There are 2 protein chains.
Amino acid sequence: MTTDIAIARSVALRPIARVADALGIPDDAVEPYGRFKAKIALDWLEAHGRREGAQRGRLVLVTAINPTPAGEGKTTTSVGLADALNLTGRKTVLALREPSLGPCFGTKGGATGGGRAQVAPMEDINLHFTGDFHAITAAHNLLAAMIDNHIHWGNALQIDVRRVVWRRVLDMNDRALRDIVQSIGGVANGYPRESGFDITVASEVMAILCLSENLADMERRLGDIVVAYTRDRSPITARDLKADGAMAVLLAEAIKPNLVQTLEGNPAFLHGGPFANIAHGCNSVIATRAARALGDYVVTEAGFGADLGAEKFFDIKCRQAGLSPDAVVIVATVRALKMNGGVAKADLGAEDVEAVRRGAVNLVRHIENIRQFGVPAVVAINHFHTDSEAEIAVVHEAASAHGARAILCRHWAEGGAGATKLADAVAELCDTHAANFAPLYGDELSLFDKIDTVARHIYRAEHAVAEPSVLAQLKRWEDAGYGHLPVCLAKTQYSFSSDPALLGAPTGHIVPVREVRLAAGAGFVVAICGEIMTMPGLPRVPAAEAIRLDADGLIEGLF
Amino acid sequence: MTTDIAIARSVALRPIARVADALGIPDDAVEPYGRFKAKIALDWLEAHGRREGAQRGRLVLVTAINPTPAGEGKTTTSVGLADALNLTGRKTVLALREPSLGPCFGTKGGATGGGRAQVAPMEDINLHFTGDFHAITAAHNLLAAMIDNHIHWGNALQIDVRRVVWRRVLDMNDRALRDIVQSIGGVANGYPRESGFDITVASEVMAILCLSENLADMERRLGDIVVAYTRDRSPITARDLKADGAMAVLLAEAIKPNLVQTLEGNPAFLHGGPFANIAHGCNSVIATRAARALGDYVVTEAGFGADLGAEKFFDIKCRQAGLSPDAVVIVATVRALKMNGGVAKADLGAEDVEAVRRGAVNLVRHIENIRQFGVPAVVAINHFHTDSEAEIAVVHEAASAHGARAILCRHWAEGGAGATKLADAVAELCDTHAANFAPLYGDELSLFDKIDTVARHIYRAEHAVAEPSVLAQLKRWEDAGYGHLPVCLAKTQYSFSSDPALLGAPTGHIVPVREVRLAAGAGFVVAICGEIMTMPGLPRVPAAEAIRLDADGLIEGLF
């Protein structure tokens, strides 16, 4: 079998200036990073958006059933769909997340699609790319250093060292840094306290970069970050520490969207990549707007399954940015549905129509959920060579019984040509203006009621529960003026419930809110339900052990 | 007074492709990073070096007297000299260090020269530049994560957790991370132990990148890093952990030299920036070779004063890379000599000829020291408007009494035109082949004798001393095959001695070796003499508080 990297290397990419030119971006708005990556100047994008209408292009969200070890191919389908829309004469721009560097050295491969449906250059994108995540790491950690420095030099703001909530970040899977005691070693090193590191994609700075409208909005949001509390629980912000300006300076390049291309030479903005559990999990608002101002159709993506990713895309990103999506694609595979139907990964090769039928309840529930937001959905069956006709028929049947078309796609093997039927179906949904989008809940609901609403309507739980201390914390934030914020539930991506083993479409469960965190700059309140890891570890045999440069200087072992 | 940043912004830079073209670099070897920065492809540089002679251009080192708060202007003089050499018809290329990001938010401004003698674009260079330091941070911390991960999953290599010597790094001034306890919080987070962070420029990975001849040499050196010891004190290397390949992949872009330009449009490679105390303090060997293959003259720079920077340039970089420098410029200012003569910074404005005479002993000793390496030296008096003629005359007198010309330079105010006499003098030293370079000591000397040789011959101490435990450690490394390595003494930059208050030209002091560290990949043994800070802190009022973007999106407060 030809590997993704071999396919990618067999394609001659277009110079990025040509990709930009085809989009109508003038040369002086293109800042090249090597030959095949560029940042696009914000001032040109803003002026162009004013001229052409920043909400011009139809907005298509690609989401998926709950992820399984079998793989669903959400990014692959996003790329294939965009290539297919372009192939069928519809000017389409992708808006996707940038992958995180750290996990590449653990177990996962790249996050740039697969087969003939990839964005490129995959080595660059999966590693340092244009340095955005490094800039976010630096801005985040500058704020952390300024907090401890402020305390060290006299603590004029009277920060309670027991109530510093701003941790540090690294873009690395490093379990040893999850919990640390810092500032030991004597007077010169400050006041000892417990602390720790998260991975960079979990940083609120990442979420802020992705939700900001422009530089000024980003600087304001950075200033709003609550980093600590005083002894009487008054919040201390990054603005109080005068860190917001320097953080914005560190992010001034990172906020410009990155332009790359698909293997078929179509334009793709890859920009930002927040976690889809403790953050909202989609690419930047700036990239989405840029894509809409430049294309007639925009294909974008949300993290994990639709219960986490699509819900947050709607309730956080679309709410904040005033975006109104036109259509949703729910990606499913026969293999993943089989796993939802109880089949072990080792047994996926054998036909099992009944297992597909059992697992299809997961797909059906996501179809129903999307409908709650008023956006029409289509199912993309991402074809795998072991899929039988009978198995595929079951998926068609389950989807159409719930009012959604299911379309078999072969973009992995064939590129855009393998997804033209999906492109036609998506374009039809968009062009008939079938959408009537509204978020799930209103701003005025209490924070806990918002959490409970998501738990009941999306996760189909009986209800959410929280300890009195958590409820009291939510109440204090409401009193402090944060009650209007949307909520961001962090739970396992593998199940509708907070138990990763409950596949399919569980009901009757309870959603326990273990902890809540305020992301005042990003503009949401995180509710942590179950064990959520914000700093991954490396596996017993990390992928890093096999990664190296070959004799020609090409990377091997990364994908 | 016009600020450095105002001067820099008043100059229209040439597109970097034009700068490269003027050097004879073909377009397909130029990888642009924005409009005014580029990385140059290694394979082209290597092929060009083979054709043209990688040792072609004359190599001029710019060093200085011991630094004082008055400032000496070493980078400014390097830039001014290169511009002056170009102005006088000599094809000249600069090879300088990249500045560190972290300290920009503390007290120091940029590190790109000053006045009319600057490299540009200064905002980019002083912040993320082309991402090299972020890549070094990532490679360093991947190795750290793989060490703790290996221990966590069973410790097959039997690493003694008390003897892990590889710390982590961040490019940030953050005293809270100097000493930490990591891996607390339970079984899933590994084995608790003490550890800490250094600033990225202190990383051995930085030193390795700067001393490597090419990718393969870098990967070999990365593998040689000693990260820990077993209970019976056998060294464990990065190669044992299979981390070397992935680290090289992370550094594959960073190892390519960065091309920028001076404000007069002349080419400058800025590449790498190791500390000049616990590392060797000069730009990469690759950049120096590239500059020599492309220019008739190369101006390069070493860190701190000549006692630290020049000694390490000669004894570590030139020794390892087989470089043979042709001339040395020792930068001095009247103000700094006055401080060496006992004048406080506040009183520097008043003429004080006797203070200059007293302080000139510092300059004289550096002249004598450079002569020990067989390289001819010239003194550059970096002019400041308060300098009196009588004061300047004293510097001329002191230098010529010790066989070196001193030349007054006005490149800060006038650019290259202000340093043409210096250019003529330097070119004459080069063209008459006056140099007969040799390192200070041979490879075969014992490690402690090497330390003692530097202490006596360069620092003019009575001798070096070390505890028996330190001597025993050196002996163990000699037994393990590391005895041939040069030594890298880390002491205060402010004095020839290890006491920062002893200015001028102290004698009779003792150099105490507090601790020794093996940098087996970089290829030297560090001897720490006195208190050396490898992770700076922020001051009471960090520069970061005033750094922000103005209404036009330009950075203010950084310089």
Of the residues A:R50, A:R56, A:R14, only one is among the charged types (D, E, K, R) and within 26 Å of A:A425 (Cβ to Cβ); which? A:R56
Exactly one of A:A501, A:A455, A:A461 is of a type in the set (A, V, I, L, M), open to solvent by less than 40 Å² (accessible area, probe 1.4 Å), outside any helix (DSSP H, G or I) and under 18 Å from A:G305 (Cβ atoms), and that residue is A:A461
Subset of the range B:170-190 (residues that are touching a residue at least 12 places away in the same chain (Cβ under 8 Å) and either more than 7 Å from chain A (Cβ to nearest Cβ) or not small (G, A, S) (or both)): B:L170, B:D171, B:M172, B:N173, B:D174, B:R175, B:L177, B:R178, B:D179, B:I180, B:V181, B:Q182
Residue within the range A:199-218 that is in a strand (DSSP E or B), farther than 23 Å from A:H152 by Cβ and in contact with a strand residue (DSSP E or B) (Cβ under 8 Å, 6 or more places away or on another chain) present: yes
Can you tell me which residues in the range A:392-416 are assigned to a helix (DSSP H, G or I), surrounded by fewer than 23 Cβ atoms within 10 Å (Cβ to Cβ) and within 27 Å of the chain's Cα centre (by Cα)? A:A413, A:E414
Of the residues B:R239, B:R220, B:R178, B:R231, which single one is open to solvent by 20 Å² or more (accessible area, probe 1.4 Å) and within 23 Å of B:I316 (Cα to Cα)? B:R220
Those residues of the range A:190-220 that are touching a Ser or Thr at 6+ places or on another chain (Cβ under 6 Å) and charged (D, E, K, R) come to a total of 1
Within the range B:150-169, restricting to residues that are within 20 Å of A:M172 (Cα to Cα) and in contact with a strand residue (DSSP E or B) (Cβ under 8 Å, 6 or more places away or on another chain), the one that is farthest from the other protein chains (Cβ to nearest Cβ) is B:V165
If A:A202 meets every condition in (1) open to solvent by less than 10 Å² (accessible area, probe 1.4 Å); (2) out of contact with any Cys (no Cβ under 9 Å at 6 or more places or on another chain); (3) aliphatic (A, V, I, L, M) apart from one, which number is that one? (1)
Do we find a residue being without any contact (Cβ under 8 Å) to a residue 24 or more places away in the chain, farther than 25 Å from B:S497 by Cα and surrounded by fewer than 23 Cβ atoms within 10 Å (Cβ to Cβ) anywhere in the range B:351-368? no
Count of residues meeting criterion [over 18 Å from the mean Cα position of the chain (by Cα), more than 8 Å from chain A (Cβ to nearest Cβ) and open to solvent by 10 Å² or more (accessible area, probe 1.4 Å)] in the range B:250-272: 4
Checking A:V201 against (1) among the aliphatic types (A, V, I, L, M); (2) under 20 Å from B:G185 (Cα atoms); (3) more than 9 Å from every other protein chain (Cβ to nearest Cβ), the condition it does not meet: (2)
Residue list for the range A:15-40, filter: basic (K, R), closer than 22 Å to A:A293 by Cα and open to solvent by 60 Å² or more (accessible area, probe 1.4 Å): A:R18
Boolean, B:I458 is farther than 30 Å from B:D179 by Cβ, of a type in the set (A, V, I, L, M), out of contact with any Ser or Thr (no Cβ under 7 Å at 6 or more places or on another chain) and not assigned by TED's automatic domain parsing to the domain that holds B:M122: yes
Boolean, B:K242 is under 26 Å from B:V169 (Cα atoms), in contact with a helix residue (DSSP H, G or I) (Cβ under 8 Å, 6 or more places away or on another chain) and not assigned by TED's automatic domain parsing to the domain that holds B:L45: yes
Identify all residues within the range A:220-238 that are more than 30 Å from B:I125 (Cβ to Cβ), of a type in the set (G, A, S) and not in a loop (DSSP other than H, G, I, E, B); write none if there are none. A:A228
Just a yes or no: is a residue in the range A:260-271 touching a Gly at 6+ places or on another chain (Cβ under 9 Å), under 21 Å from A:L518 (Cβ atoms) and among the hydrophobic types (A, V, I, L, M, F, W, C)? no
Kindly indicate whether any position in the range B:277-291 is at pLDDT 95 or above, out of contact with any His (no Cβ under 6 Å at 6 or more places or on another chain) and open to solvent by 10 Å² or more (accessible area, probe 1.4 Å). yes
Of all the residues that make up the range A:531-548, how many are open to solvent by 20 Å² or more (accessible area, probe 1.4 Å) and either part of a strand (DSSP E or B) or not aliphatic (A, V, I, L, M) (or both)? 7
So in the range B:422-447, with the set limited to residues that are charged (D, E, K, R) and touching a residue at least 40 places away in the same chain (Cβ under 8 Å), which one is farthest from B:A464 (Cα to Cα)? B:D424
Going by the conditions given, is B:L157 open to solvent by 10 Å² or more (accessible area, probe 1.4 Å), within 23 Å of A:H150 (Cβ to Cβ) and not small (G, A, S)? no
From the list B:E301, B:E311, which residue is in a strand (DSSP E or B) and open to solvent by less than 10 Å² (accessible area, probe 1.4 Å)? B:E301
Considering the range B:56-94, residues that are of a type in the set (D, E, K, R) and over 18 Å from the mean Cα position of the chain (by Cα), and then whichever is least open to solvent (accessible area, probe 1.4 Å), we arrive at B:D83
Only one of these conditions is not met by B:D232: (1) touching a residue at least 24 places away in the same chain (Cβ under 8 Å); (2) away from every other protein chain (no Cβ under 12 Å); (3) under 30 Å from B:A156 (Cα atoms). Which number is it? (1)
Selection within the range A:1-14 - surrounded by 12 or more Cβ atoms within 10 Å (Cβ to Cβ) and closer than 22 Å to A:F384 by Cα: A:T3, A:D4, A:I5, A:I7, A:A8
Please specify each residue of the range A:96-132 satisfying the condition of being at negative phi, of a type in the set (G, A, S) and within 12 Å of chain B (Cβ to nearest Cβ). A:S100, A:G102, A:G106
Somewhere in the range B:239-249, is a residue in a loop (DSSP other than H, G, I, E, B) and more than 14 Å from chain A (Cβ to nearest Cβ)? no
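The values are calculated or read from the model by the stated rules, or taken from the named source; none is laboratory data. This structure is a prediction, so every number in the text was calculated from the model and none was measured. Glycine gets a Cβ as well: all are built from the backbone with ideal geometry, and neighbour counts include every protein chain shown. All accessible areas refer to the heavy atoms of the entire protein, side chains included, with ligands and DNA or RNA removed. Shrake-Rupley method; radii C 1.70, N 1.55, O 1.52, S 1.80 Å.
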